[in-house]
Structure formats: C-alpha cells, structure tokens
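What follows draws every value from the coordinates through simple rules; no lab data is involved. Quantities reported herein were computed from a predicted structural model and do not represent experimental measurements. For neighbour counting, all protein chains shown are included, and Cβ atoms are generated from backbone atoms with ideal geometry for every residue, glycine included.
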Amino acid sequence: CLNVYTHINRQDLLFDSISDPIVNPLMGWAPWAIVKQSAQPHSLVYADLTWRDFEPEQGRYDFDSFEEKQNFDYWRAQGKHVVFRFVCDLPGSESHMDIPEWLYAAIGGNGDFYNNEYGEGFSPDYSHPLFIQYHKQAIQALGERYGKDGFFSYIELGSLGHWGEWHVYFESGIRRLPAEEIRNQYVQHYIDAFPNTFILMRRPFNVAASHDLGLYNDMTGYPEDTYDWLRWIKYGGEFDETGEQNALTAEPDIWKIAPIGGEQTNNMTNEEIYNQNLDQTIALLKASHTTFIGPGSPYNVKDTSFQKGLDQVVSTIGYRLYVSELQIPKEIYFEDSIEGVLQIKNDGIAPFYYNWPVELVLIGSTGEQVKNFPIDLELNKVLPGELKKYYFNIPLDKVQNGTYKMGIAIIDPMINKPAIRFAMDNSRRDLIQELGEIKINRIINW
C-alpha cells in the first residue's frame with residue numbers, strides 16, 4: 001500500500017532550458033579591471049601586475065597601489081571575480097624594464113634589452129638563480145594576499161616571456177627561454193602559493209598535464225593560431241621556443257576538469273569576429289571549450305549591428321546549468337522529511353569548475369526562505385551533455401504545515417549569497433530558482 005501511495009503522491013516536474021545570453025560568475029567577458037565602464041555585461045575582470053610595480057624595493061610589496069589602480073574595492077562590492085597575470089616583460093613604445101631596479105642589479109644585469117617588431121623592453125635571464133629565488137618570494141606574497149577567498153578565481157601563469165606568454169622573439173637576438181627543468185620551478189611557485197585557485201598555462205606543457213592545469217589562448221577567434229593551439233592540445237609535441245621535442249603533452253580532455261580561457265585576437269576586427277565570420281568564431285570556441293574571453297574582448301562595443309553575434313558567443317561559452325527534472329511528493333502527511341530526486345544538466349560547452357555550495361530552499365507564501373538545506377551536488381562534475389542525478393532528503397523539523405514552493409540556489413562563497421542564474425525562466429531577483437510546489441499537512445500524532 002505504501003508503494004502505491006508513494007507512486008500516486010509523486011509529481012514529476014520537467015523543465016526546459018533557455019537559450020538567452022546569461023551573465024554568470026566565472027565565465028563570459030573578462031575586461032580590464034582598470035576600466036569601470038563596459039558596454040557589455042560581465043562577471044569577470046582581468047588584472048595584471050608587473051614585478052616592477054609590485055616590489056619597487058626588495059621585500060616591500062605595494063598592494064595598495066595595485067588594488068587602487070585595478071579598482072578592487074569596486075569589483076568586490078559588485079561580486080566580480082578576477083583573472084590575474086603576473087608579468088616581467090611588457091613590450092612598449094620606449095626603452096624600459098618591467099622588473100625592479102634592485103632585481104636588475106641583483107642578477108648583474110643579465111638579460112637583453114630589445115627593440116623589435118613587438119616593441120621595446122627588457123627580457124631578463126629567467127635561469128638566474130636569484131631571479132628564481134626572488135620570484136618565489138613574490139608569488140608567495142601574492143598567494144597570501146589573494147589565494148584564500150576566491151576573489152582571484154583564475155591565474156594565467158605568466159612571469160616568463162613577453163606579456164607573460166612563455167615566448168620571446170629570440171629571432172631578434174634575445175636569449176631563449178630556459179629548459180623545462182627551470183621553467184617548472186616557476187610553475188611550482190604558483191601551485192604552492194595558490195593551491196585553491198585554478199591556474200592556466202599558455203600551452204599544454206608537461207607540467208600542466210601532471211598538475212591538471214587549465215589553458216589559455218591569447219589568439220581567440222583567429223583560426224590559424226587557434227588551430228595550432230588546438231593541435232598542441234590534441235597531440236602534444238615540440239616546444240618551438242627551446243627546441244625540446246616532447247615538452248608538450250596531449251590532453252584533449254583537460255577542459256573537463258580545468259578551465260580554458262584567453263583573450264581575443266588583435267589580428268581581426270570585432271566586425272570580422274562577431275559578424276562576418278561568426279560561424280567560424282563559434283566553431284573555434286566550441287572546439288576550445290572556452291569559458292572566458294579577456295582582457296582583449298568586445299567589452300566596449302556599442303555597435304548594435306553585431307550585438308546579436310556577441311549575444312550568441314555569450315550564449316555559447318562556459319557553462320549553462322539547468323534543472324531538467326524534479327521528483328517530489330505532492331503532499332506530506334506522515335513523513336518527517338521530503339524525499340526526492342533532482343536532475344541537473346549542462347547546455348554549455350564547459351563545466352562550472354568550482355564546487356560551490358548548492359542549497360534546496362523551501363519558500364513561503366510571500367516568497368520568504370523558510371528552510372535552506374545544503375546538498376552535495378558536485379557541480380564541477382556536471383559535464384556538458386551529461387545528466388547528474390541527486391537523491392535528497394530534507395528533514396522537516398520546525399517547518400509548519402502549509403503550501404511551499406521548492407527552489408534551488410548556488411552560493412558564491414565569496415559573498416555567501418546565491419550567485420548563479422540557471423538557464424531557465426525565473427522571476428526571482430535573488431537567483432533562487434523556483435521549481436515546484438509541495439503541501440505539508442503532517443498529522444503529528446498519527
């Protein structure tokens with residue numbers, strides 16, 4: 001009889017996903033943090049920092065100037081997250097160095113001033129023991145400041161090469177990057193300093209594969225360079241900067257566990273990327289399983305002639321989580337809890353990589369939250385095209401009889417509030433997704 005009752009009393013609620021563009025945490029455009037105004041909505045900002053600015057005097061780290069320049073208080077107040085890169089060599093329009101004077105003296109000036117088609121600057125000797133030692137200390141200081149609360153969500157592992165992209169224009173006479181054994185020491189500095197933050201590398205180096213690091217492509221949208229980058233990921237092979245034959249590891253499925261990002265190419269116009277060649281752009285993004293694009297991005301584009309293309313890109317990249325089905329009782333008479341089944345799907349091209357807390361919520365007649373019940377859903381394992389089924393049991397202690405709606409919310413630990421909009425129709429502004437209705441009419445002394 002109980003099985004018959006359970007079957008009759010059960011409701012199977014089915015839901016469809018929407019295809020509208022959604023601005024959700026940790027995905028989408030990632031414009032420069034120094035620019036407060038953006039024509040396109042975003043949840044990420046990009047901040048880079050030169051060693052020269054960070055440590056003007058040995059052992060004195062200038063966090064205040066960095067944070068003020070990057071508007072960190074402003075972005076924190078808005079609940080934005082940061083893509084960060086530490087750099088030692090930014091080619092510019094005049095002769096300069098992006099490492100501190102004291103460090104230049106400490107390494108005996110070892111390195112190369114250059115003036116080539118990239119610009120002018122100084123490429124230091126990355127194999128110098130003191131350079132490596134002081135680099136470790138600088139990254140440790142950054143980790144102690146930014147590696148704890150999730151504000152820095154993605155670290156693009158820079159430090160080496162022009163723009164921190166792990167390449168130098170050695171054809172112009174600059175010494176090449178050091179060998180793998182030395183390069184890996186720089187990677188370890190980041191891994192030690194940011195153990196809870198996703199770290200991304202420019203290429204699928206062996207060390208990236210061994211530590212499940214993400215990747216970034218700073219030529220996003222440009223077919224030739226992106227095809228090369230995708231070949232590295234699929235086949236591995238030689239690192240042409242140093243001539244090491246097996247420096248790259250094939251890891252075509254790395255996107256399933258670590259994020260893929262990068263900025264938009266500057267070899268093509270916004271019109272070409274998001275209008276004329278939109279289908280090509282979408283295909284490249286899908287092949288890359290891209291989660292974010294920045295800092296180079298169309299964040300300042302106000303031209304409505306290709307807004308449709310921009311919206312299509314935002315609707316494609318990253319994750320798009322939604323509830324496909326909820327099974328719950330219609331009414332509670334005798335039970336001390338609500339037992340049910342929740343099914344989650346992902347219509348995007350990438351997972352949500354952080355395992356943020358998920359709560360089921362009982363909602364009262366006036367929209368108030370009556371009971372919040374954490375569930376261990378493992379969001380980071382909801383892969384595109386797959387279904388995640390979760391069985392739950394919500395105890396009803398201190399819940400009064402009445403009619404309630406059941407909702408679900410994903411909590412950003414940094415702000416301790418619901419932060420992710422499901423790819424579903426939802427009328428609530430607090431990002432709790434309402435799913436269905438249940439009556440609680442418990443007979444206490446049955």
Relative to the compact globular guide of 2.2 N^0.38 Å, what is the alpha carbon radius of gyration of the chain, as a ratio? 1.12
Taking H placed 1.01 Å from N in the peptide plane, check which residues at least 5 places from L377 or on another chain put their amide H under 5 Å from its amide H. V358
Could you work out how far helix 307-316 tilts from the main Cα principal axis of the chain, as a 0 to 90 degree angle to the nearest 10? 70 degrees
Over the chain: helical MRE at 222 nm, DSSP H runs n ≥ 4 each giving -39500 (n - 2.57), nearest 500: -6500 deg cm²/dmol
Helix 278-288 axis, angle to the chain major axis (alpha carbon atoms, nearest 10°): 90 degrees
With a cut-off of 17 Å, note down the residues of the stretch 148-186 whose backbone N falls inside the zone around a label point 7 Å from the Cα of F113 toward its beta carbon. 173-175
Fully extended, how many nm does the chain gain between Q369 and S19 (0.36 nm per residue separation, minus their Cα-Cα distance)? 123.2 nm
If I model a spin label as a point 7 Å beyond the Cα along the Cα-Cβ vector, how far apart are those points for I415 and A287 in nm? 3.6 nm
Sort the following peptides by mean Cβ neighbour count (other Cβ atoms within 10 Å, averaged over residues), highest first: 192-198, 382-388. 192-198, 382-388
Through the Karplus equation 6.51 cos²θ - 1.76 cosθ + 1.60, θ set to phi - 60°, convert the phi angles of the stretch 72-88 into ³J(HN,Hα) values in whole Hz; use x for Gly and Pro. 5, 4, 5, 6, 4, 4, 8, x, 7, 10, 10, 9, 10, 9, 9, 10, 10
Of all DSSP beta bridges having both residues in the chain, the percent classed as antiparallel (nearest 5) is 70 percent
For the stretch 82-201, what relative contact order do you get, as a whole percent, if you take Cα pairs closer than 8 Å and at least 6 residues apart? 33 percent
What FRET efficiency would be calculated for the residue pair D311, V341, taking the C-beta separation as r and a Förster radius of 51 Å, to the nearest 0.05? 0.90
In whole angstrom, the spacing between the Cα centers of the stretch 292-326 and the stretch 128-195 equals 30 Å
Any chance you could give the angle, 0 to 90 degrees and rounded to 10, that helix 180-193 forms with the longest Cα principal axis of the chain? 40 degrees
Which whole-number percent is the relative contact order of the stretch 340-446 (Cα, under 8 Å, 6+ apart)? 29 percent
Under 5 Å from the placed amide H of G436, counting only residues 5+ away or on other chains, we find M406
